[in-house]
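The values are calculated or read from the model by the stated rules, or taken from the named source; none is laboratory data. This structure is a prediction, so every number in the text was calculated from the model and none was measured. Neighbour counts are summed over all protein chains in view; Cβ atoms, including those assigned to glycine, are modelled from backbone coordinates with ideal geometry. SASA here: full protein model, heavy atoms, side chains in, ligands and nucleic acids out. Shrake-Rupley method; radii C 1.70, N 1.55, O 1.52, S 1.80 Å.
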Amino acid sequence: MGKFKFIETGIQGLTIVEPTVFGDHRGYFMETYNYNEFAEAGLDMVFVQDNQSKSKKGVLRGLHYQKNNPQGKLVRVVRGEVFDVAVDLRVGSQTYGKWYGVLLSEENKRQFYVPEGFAHGFLVMTDTAEFVYKCTRFYDPSDEGGLMWNDPDVGVEWPIEEGMEILLSEKDQKNTALKDLQSPFTMPGNK
């Protein structure tokens, strides 16, 4: 039996990963990544950088991407809960401009693989959340791009609770609308 369950989202390449958790009265153990099992599931990427962030409730980070050195990201939450979103920006994709969201938490231990060519972001749903992710390319601050978190043409249904204040960085307040975006990404096979 494999240590992971790979769940397709309906958007090519975008995958929910459920690890097998071995637990008893002492606690639990799980693998969060195994190259061989991921490759067997068609996720044959190599990670070069790990990141971790801590944010408070209402923080919305995103929707981010790198233009010339796009990053694939395997994301998960080790404390708290976030609503994690990816938007397909691959020109030629049948799902261009479509989004998918998944709740990631320390309880459900789900992971989300967001391939290159997607904008990515998350909303913190608990008092605080610690978010960790593996990247396929190094972060380059001069290569950043951003898609508006509330673009009506994308229509992400963020689970904003009554009275929740959305906290955006100054940078994320200036992100581009999909209709004004000149996506640097193409669907593999569509050059």
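Structure summary
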| item | result |
| --- | --- |
| Every residue from the range 8-41 that is open to solvent by 40 Å² or more (accessible area, probe 1.4 Å), of a type outside the set (D, E, K, R) and free of Cβ contacts under 8 Å to residues at least 24 places away in the same chain | 22, 23, 25, 28, 29, 35, 36 |
| Residue 75 farther than 25 Å from residue 152 by Cα, in contact (Cβ under 8 Å) with a residue 40 or more places away in the chain and crowded, with 22+ Cβ neighbours inside 10 Å | yes |
| The range 173-184, residues that are in contact with an Asp or Glu (Cβ under 7 Å, 6 or more places away or on another chain) and either open to solvent by 30 Å² or more (accessible area, probe 1.4 Å) or modelled with pLDDT under 90 (or both) | 179 |
| Matching residues, the range 145-172, being open to solvent by less than 30 Å² (accessible area, probe 1.4 Å), acidic (Asp, Glu) and closer than 18 Å to residue 93 by Cβ | 151 |
| Residue 45 being open to solvent by less than 40 Å² (accessible area, probe 1.4 Å) and farther than 23 Å from residue 118 by Cβ | no |
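Residue-wise test of (1) in a loop (DSSP other than H, G, I, E, B); (2) buried (at least 19 other Cβ atoms within 10 Å of the Cβ); (3) hydroxyl-bearing (Ser, Thr, Tyr).
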position	(1), (2), (3)
100	no, yes, yes
103	no, no, no
108	yes, no, no
121	no, yes, no
126	yes, no, yes
130	no, no, no
